[in-house]
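Below is one structure, written out as structure tokens; comments come after it.
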Amino acid sequence: MAFRVIFTAAVLILLTQGDEGDDEGANSDRGSHAGAAALLRHSDTVRQDNNLDPITIVVKNKFQGVKKTYNASVAYRGILIGAMKRLRKSNANFKFTYKEDLNYGPYLESINGVPGKTEDHTYWELLVIKPNGSVIIPDVGIGCYIPSPNEQILFNFTKW
């Protein structure tokens, strides 16, 4: 997929660049090139929207005795926060807030109205349960983690 994205970007750059010195030829070619570029962009958009992989998001709060499971989906090679936003849009029972950190990207603040609090030493731990049952602690957060199909994303409200 990375090759396709790079190739598509390179084609778009080539198609949208014209020869500034050739007034007559450049203008007529730009119209057909722009149409080809639009088709390439449209085909990538359709591909992304139609290729959603299933994942499960589990929200567990041991302090309140709550465990909720949500069926979600993620785009091929898409990031976790995208799947979370898609789920929030389609299911009113799933809510979350985050803040953008200039250096580290999205920082998860709360899920379903429960925020982590420094004074209580609580936070939302991100764990991933692979299809084979192994559990990993990602070394990235919701803005960078790329879920694989059929993974369980476990948000565990806990203390540090």
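The values are calculated or read from the model by the stated rules, or taken from the named source; none is laboratory data. Keep in mind that what you see is a predicted model, and the values were worked out from it rather than measured. Please note: Cβ atoms are built from the backbone with ideal geometry, for glycine as well, and neighbour counts cover all protein chains shown. Note: areas computed on protein heavy atoms with side chains; ligands, DNA, RNA excluded. Shrake-Rupley method; radii C 1.70, N 1.55, O 1.52, S 1.80 Å.
When the stretch 103-119 is examined, which residues are found to be open to solvent by 90 Å² or more (accessible area, probe 1.4 Å) and either modelled with pLDDT of 95 or more or hydroxyl-bearing (Ser, Thr, Tyr) (or both)? Full working, then the answer.
Here is the first cut: in the stretch 103-119, the residues open to solvent by 90 Å² or more (accessible area, probe 1.4 Å) are 103-104, 107, 118-119.
Within the stretch 103-119, 104, 107, 118, 119 qualify.
Those residues that are among the charged types (D, E, K, R) and under 22 Å from the mean Cα position of the chain (by Cα), I need them from the stretch 108-135; list them, please. Write out each step before concluding.
Keep residues of the stretch 108-135 that are among the charged types (D, E, K, R), which gives 109, 117, 119-120, 125, 130.
Those that are among the charged types (D, E, K, R) and under 22 Å from the mean Cα position of the chain (by Cα): 109, 125, 130.
Would you pick out the residues in the stretch 80-94 that are open to solvent by 50 Å² or more (accessible area, probe 1.4 Å) and among the small types (Gly, Ala, Ser)? First the steps, then the outcome.
Of all residues in the stretch 80-94, those open to solvent by 50 Å² or more (accessible area, probe 1.4 Å) come to 85-86, 88-90, 92-93.
Residues satisfying the conditions are 90, 92.
Which residue out of 112, 91, 103 is out of contact with any Leu (no Cβ under 9 Å at 6 or more places or on another chain), of a type outside the set (Lys, Arg) and touching a residue at least 40 places away in the same chain (Cβ under 8 Å)? Give the derivation first.
Working: 91 fails: touching a residue at least 40 places away in the same chain (Cβ under 8 Å); 103 fails: touching a residue at least 40 places away in the same chain (Cβ under 8 Å).
On inspection, the qualifying residue turns out to be 112.
Taking the stretch 47-62 as the search range and keeping residues that are modelled with pLDDT of 95 or more and surrounded by fewer than 18 Cβ atoms within 10 Å (Cβ to Cβ), which one is farthest from the chain's Cα centre (by Cα)?
Restricting attention to the stretch 47-62, the residues satisfying the condition of being modelled with pLDDT of 95 or more are 52-61.
Filter once more, keeping what is surrounded by fewer than 18 Cβ atoms within 10 Å (Cβ to Cβ): 52-54, 56, 58.
Working: 52: 11, 53: 12, 54: 13, 56: 14, 58: 17 Å.
This residue is 58.
Counting just the residues of the stretch 128-159 that are of a type in the set (S, T, N, Q) and without any contact (Cβ under 8 Å) to a residue 60 or more places away in the chain, which one comes out surrounded by the fewest Cβ atoms within 10 Å (Cβ to Cβ)? I'd like the intermediate steps shown before the answer.
Narrowing the stretch 128-159 to residues of a type in the set (S, T, N, Q): 132, 134, 148, 150, 152, 156, 158.
So of that shortlist, the ones also without any contact (Cβ under 8 Å) to a residue 60 or more places away in the chain come out as 132, 134.
Details: 132: 5, 134: 8.
Here the answer is 132.
Just checking, which of 122, 97 is surrounded by fewer than 16 Cβ atoms within 10 Å (Cβ to Cβ), touching a strand residue (DSSP E or B) at 6+ places or on another chain (Cβ under 8 Å) and either under 21 Å from residue 52 (Cα atoms) or at pLDDT 95 or above (or both)? Give the derivation first.
Values: 122 fails: surrounded by fewer than 16 Cβ atoms within 10 Å (Cβ to Cβ).
Of 122, 97, the one residue that is surrounded by fewer than 16 Cβ atoms within 10 Å (Cβ to Cβ), touching a strand residue (DSSP E or B) at 6+ places or on another chain (Cβ under 8 Å) and either under 21 Å from residue 52 (Cα atoms) or at pLDDT 95 or above (or both) is 97.
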